[in-house]
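So the structure is just underneath, and the comments pick up after that.
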Amino acid sequence: MPIQRRLPKFGFKNINRIEYKAINIGVLEALATGKNLTKIGLEELREAGFVSKSALVKILGKGTLTKKLDVEAHAFSKSAEEAITAAGGTITKL
């Protein structure tokens, strides 16, 4: 039997993949109302325990946003960008 049939198959591991920690808009809304914040960055998310020190953060659009927030993160989904700007806030990509 040929060697390619004798050995088990393994998947592909992309070495260039970037892993993000996903944070939803609903979490940002709860954090902003709980601590009375207008600007949410990586430091505020770390203090709240949502991300670790070396994690990259991506903001996703699940939930509702009623407050005007200035949000800093490494990446944003399209729906999150639209929701933040529609509420009168600004986004900053790091």
**Request:** Just need a number here: residues in the range 34-60 that are in contact with a Lys or Arg (Cβ under 7 Å, 6 or more places away or on another chain) and farther than 18 Å from residue 92 by Cα.
**Result:** 1
**Request:** Could you please give the count of residues in the range 28-45 that are under 13 Å from the mean Cα position of the chain (by Cα) and more than 18 Å from residue 60 (Cβ to Cβ)?
**Result:** 0
**Asked** Among the residues of the range 21-31, is any of a type in the set (Gly, Ala, Ser), exposed (fewer than 15 other Cβ atoms within 10 Å of the Cβ) and assigned to a helix (DSSP H, G or I)?
**Response** yes
**Fill in**
When residue 11 is run through (1) outside any helix (DSSP H, G or I); (2) surrounded by 10 or more Cβ atoms within 10 Å (Cβ to Cβ), the failure sits at (2)
**Request:** Tell me which residues, restricted to the range 61-91, are in a strand (DSSP E or B), in contact with a Lys or Arg (Cβ under 6 Å, 6 or more places away or on another chain) and either open to solvent by less than 30 Å² (accessible area, probe 1.4 Å) or not acidic (Asp, Glu) (or both).
**Result:** 75
**Request:** For residue 89, state whether it is small (Gly, Ala, Ser), over 17 Å from residue 22 (Cβ atoms) and either out of contact with any strand residue (DSSP E or B) (no Cβ under 6 Å at 6 or more places or on another chain) or modelled with pLDDT of 90 or more (or both).
**Result:** yes
**Prompt:** Which condition does residue 42 not pass, out of (1) modelled with pLDDT of 95 or more; (2) open to solvent by less than 70 Å² (accessible area, probe 1.4 Å), if it passes all the others?
**Reply:** (1)
**Request:** Looking only at the range 1-51, count how many residues are small (Gly, Ala, Ser) and free of Cβ contacts under 8 Å to residues at least 12 places away in the same chain.
**Result:** 4
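The values are calculated or read from the model by the stated rules, or taken from the named source; none is laboratory data. What you are looking at is a predicted structure, and each value in this text was computed from that prediction instead of being measured. Every residue, glycine as well, gets a Cβ built from its backbone with ideal geometry; the counts of neighbours run over all protein chains shown. Quick note on the areas: whole protein, heavy atoms, side chains included, nothing else; ligands and nucleic acids left out. Shrake-Rupley method; radii C 1.70, N 1.55, O 1.52, S 1.80 Å.
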